[in-house]
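Enquirer: Handing you a structure now.
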Amino acid sequence: MNRFLAMAIAALSIFSVGCYYISNEINDTNTVYDKMFQNNDEIKYLALGDSYTIGESVEENLRWPVQLVDRLRDDSVLTADAKIIARTGWTTDELMKGIEAANPESDYNLVSLLIGVNNQYRGRDIDNFRSELAELIELAVRKAGNEKSNIIVLSIPDWGAMPFAAGRDRQQIAAEIDAYNKVVMEECGFAGVEFFDITDISRKAPLDESLVAADGLHPSGKMYGLWVNRIYTHVYELLK
């Protein structure tokens, strides 16, 4: 009888110890999941530029940086609202001053840059544009925590393709935009950051009036959506 009682007590002890370890293992796993959830911070996105980035003449939800964030969220990429530092009419030097005044943090997961159309429009020296663009790219890299892979630079759209340019020398505008974009592409290559050409999309405006905003000069939300399509796969793969 004592023998059977001893065996029963031993079995109960083993069962209790097993339950203890199983319980602890579950608790430890839950702790890991809790930590993973708590550390799943939102993606931070900084958009730098001019009227094209601030979305002149379109609703806020149609700005291309906002459309980009919305698509990322639709694909379950937890993303904070874009911080936009941009103003209609800004040139490269004015954007630099705007960034300095806003003083954004240096921990962004994504930084976009689209600048230069107003340099061209005002007839600024293209060599001066090159040097200031290089500074802006360097500044963008710093704002991305010195991660060059987190930078995307978009080409300058061709405003000469818009109704606003009627009566102007569209060929000359196009040639100057191309020259500026050559500089943008070269400086991106020197800096080792991603360059995306969206100028060809802007040149579809004469064939589709729905690509033009009500002011006759800036892109519509539909065109901005095409820009997002052009860059989206790269951005999603970077951030997912």
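The values are calculated or read from the model by the stated rules, or taken from the named source; none is laboratory data. What you see is a predicted model, and the numbers here were worked out from it, not measured in a lab. With ideal geometry, Cβ positions are generated from the backbone for all residues, glycine too; neighbour counts draw on all protein chains shown. Surface accessibility is based on the protein's heavy atoms, side chains included, excluding ligands, DNA and RNA. Shrake-Rupley method; radii C 1.70, N 1.55, O 1.52, S 1.80 Å.
Enquirer: Testing D50 on (1) open to solvent by 40 Å² or more (accessible area, probe 1.4 Å); (2) in contact with a Phe, Trp or Tyr (Cβ under 7 Å, 6 or more places away or on another chain); (3) acidic (D, E), one condition comes back false. Which one is that?
Expert: Failed condition: (1).
Enquirer: Okay, moving on. Contact list please: Cβ distance under 7 Å, first residue in the range 67-86 and in contact (Cβ under 8 Å) with a residue 24 or more places away in the chain, second residue in a helix (DSSP H, G or I) and among the polar types (S, T, N, Q), pairs at least six apart or on different chains.
Expert: Between residues of the range 67-86 that are in contact (Cβ under 8 Å) with a residue 24 or more places away in the chain and residues that are in a helix (DSSP H, G or I) and among the polar types (S, T, N, Q), the close pairs are I84/T53; A86/T53.
Enquirer: Next up: Across the range 81-99, which residue is surrounded by the fewest Cβ atoms within 10 Å (Cβ to Cβ) among those that are closer than 11 Å to L48 by Cα and among the small types (G, A, S)?
Expert: Result: G98.
Enquirer: Being buried (at least 21 other Cβ atoms within 10 Å of the Cβ) and assigned to a helix (DSSP H, G or I) narrows it down to one of A134, A140, so name that one.
Expert: A140
Enquirer: Scan the range 226-235 and tell me whether some residue there is closer than 13 Å to F164 by Cα, touching an Asp or Glu at 6+ places or on another chain (Cβ under 8 Å) and not aromatic (F, W, Y).
Expert: Within the range 226-235 (the criterion being closer than 13 Å to F164 by Cα, touching an Asp or Glu at 6+ places or on another chain (Cβ under 8 Å) and not aromatic (F, W, Y)), the answer is no, since none of the residues qualifies.
Enquirer: Same structure, new question: Please find, within the range 226-240, the residue that is least open to solvent (accessible area, probe 1.4 Å) out of those that are over 11 Å from W64 (Cβ atoms) and of a type outside the set (D, E).
Expert: V235
Enquirer: Could I ask something else about it? Could you tell me whether the range 202-221 includes any residue that is free of Cβ contacts under 8 Å to residues at least 40 places away in the same chain, closer than 27 Å to N109 by Cα and not β-branched (V, I, T)?
Expert: No, the range 202-221 contains no residue that is free of Cβ contacts under 8 Å to residues at least 40 places away in the same chain, closer than 27 Å to N109 by Cα and not β-branched (V, I, T).
Enquirer: Restricted to the range 54-79, and to residues that are within 20 Å of L114 (Cα to Cα) and assigned to a loop (DSSP other than H, G, I, E, B), which residue is most open to solvent (accessible area, probe 1.4 Å)?
Expert: Taking the candidates together, the pick is E59.
Enquirer: Now, a different point. When only residues in the range 189-240 that are assigned to a strand (DSSP E or B) and within 22 Å of the chain's Cα centre (by Cα) count, which is farthest from V77 (Cα to Cα)?
Expert: P219
Enquirer: Output the qualifying pairs, or none if there are none: Cβ atoms under 6 angstrom, residues six or more apart or on different chains, first residue in the range 171-187 and part of a helix (DSSP H, G or I), second residue buried (at least 17 other Cβ atoms within 10 Å of the Cβ) and aromatic (F, W, Y).
Expert: M185/F195
Enquirer: Kindly list the number of the only condition in (1) touching a residue at least 60 places away in the same chain (Cβ under 8 Å); (2) among the small types (G, A, S); (3) under 16 Å from D197 (Cβ atoms) that fails for A140.
Expert: Every condition holds for A140 apart from (3).
Enquirer: Considering every residue within the range 151-162, establish whether at least one is more than 27 Å from N61 (Cβ to Cβ) and buried (at least 16 other Cβ atoms within 10 Å of the Cβ). Break it down into steps so the answer makes sense when it comes.
Expert: Quick first cut of the range 151-162, residues more than 27 Å from N61 (Cβ to Cβ) only: 160.
Of the ones still in play, those that are also buried (at least 16 other Cβ atoms within 10 Å of the Cβ) are 160.
Looking through the range 151-162, at least one residue is more than 27 Å from N61 (Cβ to Cβ) and buried (at least 16 other Cβ atoms within 10 Å of the Cβ).
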